[in-house]
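See below for the structure under consideration.
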Amino acid sequence: MPLTLEIVTAERVVYSEEVDVLVAPGVVGELGVLPSHAPLLTIMQPGEIRVDKGEEQTYIAVSGGFLEVIGDKATILADTAERAEEIDEARAEEAVKRAEERIASASSAFDLERALASVRRSQARLKVARRRTRAPRPEMPAG
Ligand code: ATP
């Protein structure tokens with residue numbers, strides 16, 4: 001029996017497939033989930049979700065949320081989630097830069113915490129975006 005994985009946000013279904021393995025960023029560390037895993041409910045931290053399906057691996061950036069496993073069904077209710085190919089890398093880089101400036105000038109613990117959270121989710125996006133396999137540049141034609 002494969003594991004049925006559904007990754008949803010309040011806005012959309014990000015991923016819905018039968019998979020072999022799920023690796024998710026739980027608050028206390030990476031969690032590996034195989035079919036017939038014991039029931040589980042955990043909070044996630046910003047990071048990357050990896051899904052193995054046959055030889056194929058899919059990476060999804062997540063900013064936080066919940067992971068629930070019951071029987072052969074895993075459900076991720078994510079604050080935000082993007083597949084690698086959906087991530088705008090330049091936007092994530094800008095978000096890191098802006099948040100780092102806010103960290104440097106934060107005037108309250110609240111501002112600091114928000115800026116740190118922004119850095120963490122943007123860095124998770126960058127990590128996942130950089131997993132995209134880049135096609136090698138074509139050779140320049142001679143002459
Ligand atoms: P930004 O400051 O660039 O908006 P953010 O961390 O504040 O980044 P979020 O509030 O976490 O953004 O997300 C808002 C929406 O934008 C969500 O739907 C999220 O999936 C999407 N999103 C955020 N950053 C990116 C990105 N770099 N590429 C693609 N989608 C993104």
Residues being of a type in the set (V, I, T) and either within 18 Å of A10 (Cα to Cα) or not in a strand (DSSP E or B) (or both) - total across the stretch 50-61: 1
List pairs: first residue in the stretch 16-38 and among the small types (G, A, S), second residue surrounded by 11 or more Cβ atoms within 10 Å (Cβ to Cβ) and part of a loop (DSSP other than H, G, I, E, B) anywhere in the structure, Cβ distance under 7 angstrom, at least six positions apart or on different chains. S36/D72
Selected residue (only one of E55, E93 is of a type in the set (D, E), open to solvent by 20 Å² or more (accessible area, probe 1.4 Å) and under 18 Å from S118 (Cβ atoms)): E93
Residue list for the stretch 32-49, filter: surrounded by 18 or more Cβ atoms within 10 Å (Cβ to Cβ), modelled with pLDDT of 95 or more and not polar (S, T, N, Q): V33, M44, P46, G47, E48, I49
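Just wondering, is there one or more residues in the stretch 34-47 that are part of a strand (DSSP E or B), hydroxyl-bearing (S, T, Y) and touching a helix residue (DSSP H, G or I) at 6+ places or on another chain (Cβ under 6 Å)?
The initial filter retains those residues of the stretch 34-47 that are part of a strand (DSSP E or B), namely 40-44, 47.
Okay, now just the ones that are also hydroxyl-bearing (S, T, Y), so 42.
Now narrow it down to the ones that are touching a helix residue (DSSP H, G or I) at 6+ places or on another chain (Cβ under 6 Å): none.
No, because not a single residue in the stretch 34-47 is part of a strand (DSSP E or B), hydroxyl-bearing (S, T, Y) and touching a helix residue (DSSP H, G or I) at 6+ places or on another chain (Cβ under 6 Å).
The values are calculated or read from the model by the stated rules, or taken from the named source; none is laboratory data. Here the structure is a predicted model, which is why all the values come from computation and not from measurement. Note that each Cβ is placed from the backbone with ideal geometry, even for glycine, and that neighbours are counted across all protein chains shown. Ligands, DNA and RNA are excluded from the accessible area calculation, which covers all protein heavy atoms including side chains. Shrake-Rupley method; radii C 1.70, N 1.55, O 1.52, S 1.80 Å.
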